[in-house]
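Let me begin by presenting the structure, written as structure tokens, before commenting on it.
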Amino acid sequence: MEPMIVSLKDVTFSYKGSKRQALKGVSLDVKEGECVAILGPTGAGKSTLACVINGTVPRFIEGKLTGDVVVDGQVPNQVGTAQMASRVGLVFGDPDTQLFGMTVEEDVAFGPANLGFDYEIIMQRIKRAIEDMRLQGLEQRAPHRLSGGQKQATAIAGVYAMLPKIMVLDEPTSMLDPEGKARVFSIIRDLNKSFGMTVILIEQEVDDILELADRVFVMKSGEFVLGGTPKEVFADVDELREVGIRVPGIVEFGNLIGADRTPFSVEEAVSIVKSGAFDVLSDTLASSGPNREVDASNERAQDITPIVEAVDLEFRYPMGVKALDGANLKIYPGEFVAIVGQNGAGKTTLTRHFNGLLRPSAGDVRLFGKSALNEPTWKLCSKVGYVFQNPDEQLFCDTVEEELRFGPMNTGMDKDKMEEAIRDILLDIGLDKYRQVWPRYLTKGERQRLALASVVAMEPEILIVDEPTTGLDWLESLQILDYLERLRREKGKTILIITHDMNIVSLYAKRVVVMANGRVIGEGTPREVFSQPELMEHAYLRRPQIADVSDILWGEVLLTPHEAADRLKRSSRMNREVAGK
């Protein structure tokens, strides 16, 4: 029998003070040099499992652990995390918990230096890690002055530079732009295939896992509910949906058209259609997602005054970094706009000017047609609500109910109106049963919803949500975006989201604004933006794979598997009608 570098047998774990089992009799064997992906909704136990493998649980994160854990011939709970560091490198989902150096270079150097390597080797590894993670030019910048994506890239680089035998990555790409994600997955592939490193990857990016992983396991409520090769697992579309995993667009397309085999790549999907190896049985394929509906409110007359406008906006951070370089943007009432671009493009910096969190070095910010430069921040916040990328940065009250009450109280809202609004919002966003709960006890998805709700409670006319889906599973992401879309439709709110998720852009955005190097370099509907390869390349964006399939087959960009299946159905019907004449 082939030896296993990671072996877990009937592992159960409960956190200190909790009766709930985070892991329930989990067994997992990983061969040396294998790449194993673990999927599952938020709270499934994925991160707990990662911490068990490197010994953080229960050495630092206390609780009751039972079962057998052997990693590279060692029992992590006995030898300790320090001894496991050279064997198991762990990249956390939240980079802020992993960055502590004074500079990016220092942070990346910390691991190799503490493993006792020579200076030349340490510098070689730092150089390679920084180059591969696209961090050149940021070597001397303080980590806390990086964008969210740059922080995550730095955290990965710090572990990557150690070149451990086993690399455990807990959602390493959740804050990265599409090109950055592709680069990380390329690095993981090289480490695994070229250098034989064992990789355990916890991810939500199902499209990339199809080609990367040797085996895939799906967790739910502390247990494995699916396991096998990527083709075996992703072919079980119904089970994936039940668990809450996003079905890859290519796989869903194959399922919708009744393909004789499940496609797992653009090439396979195109081949199935061209060979006629499908059977579109349904006369009507339901549309999918809010963006598929006719939306008259998005049609705007040229003479409407923008609700928000950036005019030749420039901004330098105190350390001299120029984040905005003449940015211009107009947002109109009732729009749902997605702002996209690579990490460090200036997306967050730009939007933080709209409610006074930042003040420009040059240029103007206009709200409702008037300059907002001299308006106090507290006054702007009542009109423009801002939800941070990390909800923990804006949650500080003792209970959920107090979080929602804080904003309206400080903007002078009538008490009766405030209490009515809080009651309705808690019900609407599914947090009513947590009224008296300390926010830190909530899951990441629940905290994200609470942060959004606390801003909505102030009744701003404009809502800006920075990376609303970071760290969330697919169902939680849809819940957040569905809620934003309802606010736009039913209450007339203007919605801006900053996102790297092109699937979310396809489903919800009515207009896409593309940024690069501190400027707006393009805009249009998702279909228009995805149809401009030079613009996509300049902004380090990757469109959904279904857009590649439809472009190859019909020379047009379609946004969802349902759209592509509808297009194929129409083509098949026309071909049958022509053949029958």
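Quick notes on this one:
- Computed FRET value (nearest 0.05) for residue 489 with residue 424, which takes r as the C-beta separation and R₀ as 22 Å: 0.85
- Prolate/oblate/rounded label for segment 4-246 (Cα gyration tensor, a/c 1.5): prolate
- Computed label-point distance, nm, for sites residue 525 and residue 556 using a 7 Å Cα→Cβ extension: 1.0 nm
- Shape box of the chain [Cα atoms, principal axes, largest first, Å]: 73, 72, 50
- Approximate spin-label separation residue 229-residue 265, in nm, with each point projected 7 Å along Cα-to-Cβ: 1.4 nm
- As a rough guide to protection, the peptides 565-572, 455-462 ranked by mean Cβ packing within 10 Å, highest first, stand as 455-462, 565-572.
- Sequence-separation-based contact order of segment 192-246, relative, with Cα cut under 8 Å and 6+ spacing, percent: 26 percent
- Spacing of the two label points (7 Å from each Cα toward its C-beta) at residue 416 and residue 119, in nm: 7.6 nm
- Computed over the alpha-carbon pairs of segment 167-272, the distance histogram in 10 Å steps reads 14, 44, 35, 8 percent, short to long.
- Inter-part distance where segment 357-381 and segment 457-520 are each reduced to a Cα centre, Å: 22 Å
- Cα centroid of segment 402-454 to Cα centroid of segment 33-104, whole Å: 34 Å
- Potential lengthening of the chain between residue 32 and residue 573 amounts to 189.7 nm, from the contour at 0.36 nm per residue minus the alpha-carbon distance.
- Listed by number, the DSSP H helices of the chain that run 15 Å or longer by alpha-carbon position along their axis and have mean Kyte hydropathy of at least -0.5 are 104-114, 119-132, 148-160, 444-456.
- Peptide ranges 122-133, 350-361 listed from the most packed, as the mean C-beta count within 10 angstrom indicates: 350-361, 122-133
- Only Lys, Arg, Asp and Glu carry charge here, each on its Cβ (+1 for the first two, -1 for the last two); on that basis segment 99-160 has a dipole of about 260 debye about its Cα centre.
- Violating pairs (Cα-Cα greater than 26 angstrom) within the set 19/46; 415/444; 64/444; 330/493; 31/151: 415/444; 31/151
- Förster radius 22 Å - calculated FRET efficiency between residue 396 and residue 441 (Cβ-Cβ, nearest 0.05): 0.95
- Size of electric dipole in the chain: Cβ of Lys, Arg +1 and of Asp, Glu -1, about Cα centre, debye, nearest 20: 560 debye
- Here the calculated FRET efficiency for residue 182 and residue 64, from their Cβ-Cβ distance with R0 = 35 Å, stands at 0.30, rounded to the nearest 0.05.
- A simple packing score, the average count of other Cβ atoms within 10 Å per residue, orders the peptides 517-524, 145-152 as 145-152, 517-524, with the highest score first.
- Backbone N under 12 Å from the residue 314 label point (7 Å along Cα→Cβ), restricted to segment 326-358: 326-327
None of the figures in this text is laboratory data; all of them are computed from the coordinates on show. Note that the structure is predicted; figures quoted are calculated from it, not measured. We place every Cβ from the backbone using ideal geometry, glycine too, and count neighbours over all the protein chains shown.
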